[in-house]
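Structure, as structure tokens:
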Amino acid sequence: TGVLAPNGSIYFAPCCACKVLRVDTETDTVHHIGPDLDGGSHKYLAGGVLARDGKIYFAPAGAQRVLCVDPHTDQVEMFGPPMEGSGKFQSGGVLAGNGKIYFAPSMASRVLCIDPASSCIEMLGQVLPGKQKYVAAGVLARDGRIYFAPADAKQVLRVDPCEGACELVGPEL
């Protein structure tokens, strides 16, 4: 999923391509930006998130690291520790009130938390077994917590950004 940046351009992380795609909606031009990115096919599947720092963050699916795009400079970088496996994160992320971004796991085992202010990556919560657990984008509720509907998981996943906690809620579906 693409992300509309404040500069009016839309940025798409590569799935099977090698570079980030920038669509300039004012000039109707399309450009590839940044370096060639490793990761084979299905590098990034989850929708990106525009953070308070003005940068766009994408969670890895087949790629090993988080992708950061700076729309002000069109610089592209991968950062954080390498994460093994394929299909790790497929659900759209959510920007919480604390400025951090949260992605529910699909094939990964825990929730991904990106802190743009410190450029830190953290894995939260208990290990969640299974495949294709969460693939739909999360929703930020009025209480500040984030909810992810299950795909192949058995329960709704709730993330509490204030507590840094994750839990399964509701009945098994």
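The values are calculated or read from the model by the stated rules, or taken from the named source; none is laboratory data. What you see is a predicted model, and the numbers here were worked out from it, not measured in a lab. Glycine gets a Cβ as well: all are built from the backbone with ideal geometry, and neighbour counts include every protein chain shown.
Annotations for the structure displayed:
- Failed item in (1) modelled with pLDDT of 95 or more; (2) in a loop (DSSP other than H, G, I, E, B); (3) over 15 Å from the mean Cα position of the chain (by Cα); (4) not hydroxyl-bearing (Ser, Thr, Tyr), with Pro129 passing the rest: (1)
- Each residue in the range 111-126 was checked for being in a loop (DSSP other than H, G, I, E, B) and without any contact (Cβ under 8 Å) to a residue 40 or more places away in the chain, and 1 of them qualify.
- Residue within the range 117-129 that is small (Gly, Ala, Ser) and touching a Leu at 6+ places or on another chain (Cβ under 9 Å) present: yes
- Qualifying residue in the range 65-72 (condition: modelled with pLDDT of 95 or more, within 28 Å of Val169 (Cβ to Cβ) and out of contact with any helix residue (DSSP H, G or I) (no Cβ under 8 Å at 6 or more places or on another chain)): yes
- Look at (1) modelled with pLDDT under 95; (2) buried (at least 19 other Cβ atoms within 10 Å of the Cβ) and you find that Tyr102 fails only one, number (1).
- Condition check for Tyr134 on (1) more than 18 Å from the chain's Cα centre (by Cα); (2) in a loop (DSSP other than H, G, I, E, B); (3) at pLDDT 95 or above: one failure, at (1).
- Across the range 128-148, the qualifying residues are those that are more than 18 Å from Ala59 (Cα to Cα) and either in contact (Cβ under 8 Å) with a residue 12 or more places away in the chain or touching a helix residue (DSSP H, G or I) at 6+ places or on another chain (Cβ under 6 Å) (or both), and the one among them that is surrounded by the fewest Cβ atoms within 10 Å (Cβ to Cβ) is Pro129.
- Candidates Leu95, Leu128, Leu124, filtered to the one that is in contact with a strand residue (DSSP E or B) (Cβ under 7 Å, 6 or more places away or on another chain), more than 23 Å from Cys15 (Cβ to Cβ) and not small (Gly, Ala, Ser): Leu124
- Residue match in the range 73-82 (condition: polar (S, T, N, Q) and at pLDDT below 95): no
- Residue, surrounded by the fewest Cβ atoms within 10 Å (Cβ to Cβ), within the range 28-56, restricted to residues that are in contact with a Leu (Cβ under 7 Å, 6 or more places away or on another chain) and touching a residue at least 40 places away in the same chain (Cβ under 8 Å): Ala51
- Consider the range 150-160 and keep the residues that are assigned to a loop (DSSP other than H, G, I, E, B) and in contact with a Phe, Trp or Tyr (Cβ under 7 Å, 6 or more places away or on another chain). The one that is surrounded by the most Cβ atoms within 10 Å (Cβ to Cβ) is Ala153.
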